[in-house]
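Visitor: Next up is a structure, given as structure tokens.
The values are calculated or read from the model by the stated rules, or taken from the named source; none is laboratory data. Please read these numbers as outputs of a predicted model, since none were measured by experiment. FYI the Cβ positions are ideal-geometry reconstructions off the backbone, even for glycines, and counts take in every protein chain you see. SASA here: full protein model, heavy atoms, side chains in, ligands and nucleic acids out. Shrake-Rupley method; radii C 1.70, N 1.55, O 1.52, S 1.80 Å.
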Amino acid sequence: MRVQADKVFVNMAVKDLSKSKEFFSGLGFEFNQQFTNELAACMVINDHSYAMLLTEDHFKTFTGKEIADSTVSTEAIIALSVDSRETVDKIVHAALESGGKPSKEPQDHGFMYGWSFQDIDGHLWELFYMDQAALQ
């Protein structure tokens, strides 16, 4: 059996939902208001991918485990493919100017270029561009 999901929802605990929405809005992301309230915000990554930013108390209702402190440990790296090297740089610069922190220096592998940052809650995000023509 092959599993193929129609949509992807990444659930992330955040300390201050308003500040997180402001941070990601500053990077150019939009929110689906139908699934956004005082406990959660549905950040649209694309037509099939979303990040659910959940207040820590609300996030706890989905798990019996402790919530990882993403400022000191890595629970995941969310990697997003974008359309150009310039878009990678633009988004990471916006993140750093909006209160995000550096994660790794830019990585240039010729056919692939990436750069990462930590959001205001310490979650790791990596933006990358892959030149499909160089792969062929």
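Visitor: Please report, as a whole percent, how much of the solvent-accessible surface of region 1-62 comes from carbon and sulfur atoms (probe radius 1.4 Å).
Guide: Working: 2080 of 4200 Å².
Exposed carbon and sulfur together represent 50 percent of the surface.
Visitor: Could you pull the accessible area for residue 105 with a 1.4 Å probe, rounded to 10 Å²?
Guide: 130
Visitor: Still on this structure, I have one more. Counting DSSP beta bridges with both partners in region 76-135, what percentage is antiparallel, nearest 5? Kindly include the intermediate steps, with their values, before the conclusion.
Guide: On the way: 12 of 17 bridges.
Here the share of antiparallel DSSP bridges comes out near 70 percent.
Visitor: Let me ask something else. Starting from 0.36 nm per residue, how many nanometres of slack lie between residue 5 and residue 136 once their C-alpha separation is accounted for? Please list the in-between numbers first.
Guide: Details: separation 131, 0.36 × 131 = 47.16 nm, distance 2.75 nm.
This chain segment gains 44.4 nm when fully extended.
Visitor: For the chain, what's the radius of gyration and Dmax over Cα atoms, in angstrom?
Guide: 15.6, 48
Visitor: Just list whichever of 7/90; 15/60; 19/90 have alpha carbons separated by over 23 Å in the model shown. The partial results should precede the final answer.
Guide: On the way: 7/90 26 Å; 15/60 12 Å; 19/90 20 Å.
Over 23 Å apart, Cα to Cα: 7/90.
Visitor: Still on this structure, please answer the following. So what's the angle, to the nearest 10 degrees on a 0 to 90 scale, between helix 85-97 and the longest Cα principal axis of the chain?
Guide: Tilt of helix 85-97: around 40 degrees.
Visitor: Per residue, what accessible area does the chain have, given a 1.4 Å probe and all protein chains present, in Å²? Before the final figure, lay out each step's value.
Guide: Working: 8780 Å² over 136 residues.
Here the per-residue accessible area is 65 Å².
Visitor: Moving on. Give the cross-link partners of residue 65 among the aspartates and glutamates, using a straight C-alpha distance below 16 Å as the criterion and excluding same-chain residues fewer than 8 apart.
Guide: Correct list for residue 65: 56, 57, 75.
Visitor: How charged is the neighbourhood of residue 84? Take every other residue with its Cβ under 11 Å from the Cβ of residue 84, and add Lys/Arg as +1 and Asp/Glu as -1. Please list the in-between numbers first.
Guide: Values: positive: 85, 90; negative: 83, 86, 89, 131.
With Lys, Arg at +1 and Asp, Glu at -1, the net is -2.
Visitor: Compute the projected area of the convex hull of the Cα atoms of region 1-62, averaged over all viewing directions, and report it in nm² to one decimal place.
Guide: On the way: hull surface 19.9 nm².
The Cα convex hull of region 1-62, projected and averaged over all directions, gives 5.0 nm².
Visitor: In vacuo Debye scattering of region 76-135, one point per C-alpha: log10 I(q)/I(0) at q = 0.15, 0.23, 0.26, 0.27 Å⁻¹?
Guide: Evaluating at q = 0.15, 0.23, 0.26, 0.27 Å⁻¹ gives log10 I(q)/I(0) of -0.40, -0.85, -1.04, -1.10.
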